[in-house]
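Accompanying notes for the structure given below.
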Amino acid sequence: MKKEWPLWEVFIRGQHGLNHRHVGSLHAPDAETAILNARDVYTRRNEGLSIWVVEARHISASAPGDKGPLFEPSESKVYRHPTFYDIPKDVGHM
Amino acid sequence: MAQVDQKALLEFVLRQGDNTLVLGHRVSEWCGHAPVLEEDIALANTALDLIGQTQMWLGLAAEIEGEGHSADDMAYLRDAWDFRNLLLVELPNGDFGRTILRQFLFDAFSAIYLPLLTKSADPRVAEIAAKATKEVAYHLERSAQTVVGLGDGSEESHARMQEALDYLWPYVGEMFASDSVDQAMAEAGIGPDPAGLRAEYDALIGRVLSEATLRIPEDSFAHKGGRNGYMHTEHLGHLLTQMQWLQRAYPGCEW
Amino acid sequence: MYAQMVKSTGDAVKSREDMSDDERHFQDKVDANIKVEPRDWMPDDYRKTLIRQIGQHAHSEIVGQLPEGNWITRAPTLERKAILLAKVQDEAGHGLYLYCAAETLGVTRDELTEKLLSGRMKYSSIFNYPTLTWADMGAVGWLVDGAAIMNQVPLQRTSYGPYSRAMVRICKEESFHQRQGYAIMMKMAQGSPAQRKMAQDALNRMWYPSLMMFGPSDKDSVHSAQSMAWKIKINTNDELRQKFVNETVPQAEYLGLTIPDENLKFNEETGNYDFSQPDWDEFFEVLKGNGPCNTDRLNARRKAWDDGAWVREGLLAHAEKRAAAKVAAE
Ligand SMILES: [Fe+2]
Ligand SMILES: [Fe+2]
């Protein structure tokens with residue numbers, strides 16, 4: 001069978017976004033084309049944004065079995081979340 | 001502004017609007033039939049930009065004409081001899097290679113020409129050009145990259161791209177075949193005489209086509225007759241037959 | 001629907017006692033609405049059924065470009081042309097998102113495409129009907145996208161993460177499809193006598209094929225029971241079809257158009273409209289390949305694929321050449 005274009009994962013930072021976010025995937029022969037394709041497929045060309053593409057095979061993911069150990073410690077650190085703290089109403093917005 | 005010849009101005013604006021109208025139509029024919037989904041979507045974006053530019057240019061043309069017509073009337077109710085587009089853009093799509101090469105040859109011209117129009121003495125022209133310039137810069141990036149990829153790709157893709165260039169080349173010269181309309185526009189500060197842009201154009205496409213390992217034909221013969229409406233190809237009539245059919249068959253309806 | 005008659009295992013849904021530990025753990029997760037992700041353990045049949053379902057859904061989006069694409073070059077105004085083109089382009093995007101979701105299950109887009117082109121995989125029956133007048137652009141958006149949305153909205157909650165995320169994106173984009181279709185119908189229904197005639201004619205031809213989109217009744221189907229247990233199917237076909245009829249009848253009334261069904265009437269007792277079933281023999285013929293456009297649709301897809309081969313190969317050859325040159329330079 002003929003060779004298929006590699007699969008790329010697309011990450012986009014929008015005009016007001018702080019981080020690049022995974023938006024989906026697509027096929028492209030190389031990185032340059034992957035960026036153009038990402039622009040056409042996933043942004044319908046909004047301005048002022050930034051696109052990252054990574055060939056899917058280069059992404060390392062945490063193994064499903066790790067789900068517990070990787071994420072549980074942070075779940076117990078509830079003090080990292082603002083809702084952990086009761087602030088009196090009189091103090092105003094914080 | 002009062003001293004600008006309104007007939008020449010109308011002619012000039014129609015040239016812009018008919019180019020984008022006819023090319024946008026041609027590119028839209030690909031929807032659902034492109035070589036790969038990513039290309040299908042990208043071609044549709046190009047066509048959508050061109051249709052949007054058409055609405056602005058033909059809207060302005062209708063305003064200059066001053067007979068109460070709309071942009072749609074200009075697109076759907078004029079006959080072939082009224083059209084002022086380049087022959088290049090009305091040619092049938094051919095294979096994907098010819099379509100993308102034609103797009104590149106047109107984009108390269110627009111990318112040089114439109115930024116100059118943003119300085120037009122007519123603010124309406126400048127405004128349309130400003131919006132279109134951004135879109136065209138992207139079109140050029142994409143079409144140039146694809147032309148390089150296919151020209152310098154496989155043996156077959158190279159051969160097809162060279163064939164496309166040989167076929168399209170005689171239609172390039174018309175972009176620079178300026179006439180009294182262009183001179184009137186240059187004098188009034190509306191837009192530059194395209195004849196003066198040839199060297200810059202040749203340099204731009206020369207860079208890309210050489211990277212694409214494609215050979216520019218030596219014969220400099222140029223077909224003409226589109227931008228002055230003197231003699232279009234047979235293809236335009238068929239395009240209009242399709243595009244204008246509903247408006248012609250059911251006149252005066254709202255859609 | 002866009003995925004009609006997807007077969008799962010064919011066996012009855014397993015009881016908890018008959019499940020292996022893995023299966024029980026998996027079902028617990030699904031029941032708790034925790035998404036299944038590509039690298040998680042999943043039953044083999046879940047994977048296979050999903051590939052079939054997502055693949056069929058993707059094929060439907062792509063083949064679905066054709067009936068509407070048929071009118072892009074004849075759209076009557078510049079604005080209508082832009083809207084229709086943007087809409088059909090969206091469908092290409094939907095196909096793309098869904099193929100990518102299927103790829104996370106260990107199948108490639110090319111494999112799925114070849115199965116479509118060789119007739120081994122299906123797409124929705126609806127796209128084998130022709131679009132004959134401009135009013136069909138209205139009817140397709142209104143009825144076909146309307147029916148599709150009815151199915152896709154609940155699928156946003158489906159158990160498989162990539163499928164669910166694709167559906168969220170698709171539903172966001174779908175929101176204008178039905179409305180642009182209905183807007184065309186309004187213009188036509190309020191237009192000249194010829195336009196009104198086109199509008200009624202379009203409704204006449206599209207009504208029953210739209211009802212068929214939901215598939216035959218599946219209240220007794222083991223496939224559906226399994227798919228529902230896995231949350232890759234959320235509602236029964238009859239539920240969705242009834243909901244569609246209930247929502248569409250008042251919309252047709254507003255247009256002043258007549259739904260071609262003499263038995264259609266509101267049932268005070270059930271709170272639903274009673275309606276006639278479509279001709280299911282016709283439906284099975286269409287699935288078999290005997291619809292009015294099956295041959296044309298597949299040929300159009302085959303031609304696009306075959307004619308595009310040199311482009312895909314050429315661009316890849318260029319990328320490989322450049323990668324090799326880069327390595328050599330290092
Ligand atoms: Fe869709
Ligand atoms: Fe849709």
Within the range C:39-81, which residues are over 30 Å from B:L239 (Cα atoms), touching a His at 6+ places or on another chain (Cβ under 9 Å) and hydroxyl-bearing (S, T, Y)? C:T49
From the list C:T73, C:T77, C:T108, C:T113, exactly one residue is modelled with pLDDT of 95 or more and within 17 Å of C:L298 (Cβ to Cβ). Which is it? C:T113
Pairs, please: C-beta under 7 Å, at least 6 apart or cross-chain, first residue within 19 Å of C:G291 (Cα to Cα) and in contact (Cβ under 8 Å) with a residue 12 or more places away in the chain and in the range C:129-154, second among the charged types (D, E, K, R) and within 13 Å of ligand 2 (Cβ to nearest atom)? C:T131/C:E68; C:V140/C:E68
Which residue pairs have Cβ atoms under 9 Å apart, sit 6 or more places apart or on different chains, and have a first residue in the range C:75-104 that is facing chain B (nearest Cβ under 9 Å) and a second that is within 12 Å of ligand 2 (Cβ to nearest atom) and not in a helix (DSSP H, G or I)? C:V88/C:G64; C:E91/C:G64; C:G95/C:G64
Residue list for the range C:152-164, restricted to those being farther than 18 Å from C:Y182 by Cβ and not hydroxyl-bearing (S, T, Y): C:P154, C:L155, C:Q156, C:R157, C:G161, C:P162
Please go through the range C:50-74 and give me each residue that is more than 7 Å from chain B (Cβ to nearest Cβ), of a type in the set (A, V, I, L, M, F, W, C) and surrounded by 24 or more Cβ atoms within 10 Å (Cβ to Cβ), ordered by number. C:L50, C:I54, C:A58, C:I62, C:V63
Only unsatisfied item for C:M121, checking (1) within 16 Å of the chain's Cα centre (by Cα); (2) assigned to a helix (DSSP H, G or I); (3) over 25 Å from B:A75 (Cβ atoms), is (2)
Filter pass, C:N151 being within 18 Å of C:Y2 (Cα to Cα), within 13 Å of ligand 2 (Cβ to nearest atom) and of a type in the set (S, T, N, Q): yes
Considering only the range B:146-160, state which residues are at the interface with chain C (Cβ under 8 Å from one of its Cβ atoms) and over 20 Å from the mean Cα position of the chain (by Cα). B:V148, B:G149, B:L150, B:D152, B:G153, B:S154, B:E156, B:S157, B:H158, B:R160
Filtering the range C:178-212 down to residues that are at pLDDT below 95 and under 16 Å from the mean Cα position of the chain (by Cα) yields C:Q178
Could you please find all residues in the range C:34-69 being of a type in the set (G, A, S), part of a helix (DSSP H, G or I) and within 16 Å of ligand 2 (Cβ to nearest atom)? C:A58, C:S60, C:G69
Out of C:A3, C:A102, report the one residue that is surrounded by 15 or more Cβ atoms within 10 Å (Cβ to Cβ) and closer than 24 Å to C:M206 by Cα. C:A3
If we keep just the residues of the range C:132-161 that are buried (at least 24 other Cβ atoms within 10 Å of the Cβ) and part of a loop (DSSP other than H, G, I, E, B), which is nearest to ligand 1 (Cβ to nearest atom)? C:T158
Residue pairs qualifying under the 8 Å Cβ cut-off, at least six apart or on distinct chains, with the first in the range B:26-37 being within 7 Å of chain C (Cβ to nearest Cβ) and closer than 20 Å to C:L316 by Cα and the second being crowded, with 23+ Cβ neighbours inside 10 Å and among the β-branched types (V, I, T), are B:P35/C:V311; B:V36/C:V311; B:L37/C:I62
Would you mind finding the one in C:Y273, C:Y254 that is modelled with pLDDT of 95 or more and surrounded by 16 or more Cβ atoms within 10 Å (Cβ to Cβ)? C:Y273
Need at least 1 residues that are at pLDDT 95 or above and within 11 Å of chain C (Cβ to nearest Cβ) per element, so show me which helices (runs of 4 or more DSSP H) inside the range B:40-145 make the cut, counting only ones lying wholly within it. B:71-76, B:96-117
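The values are calculated or read from the model by the stated rules, or taken from the named source; none is laboratory data. Keep in mind that what you see is a predicted model, and the values were worked out from it rather than measured. As a convention, Cβ positions derive from the backbone with ideal geometry for all residues, glycine included, and neighbour counts pool all protein chains shown.
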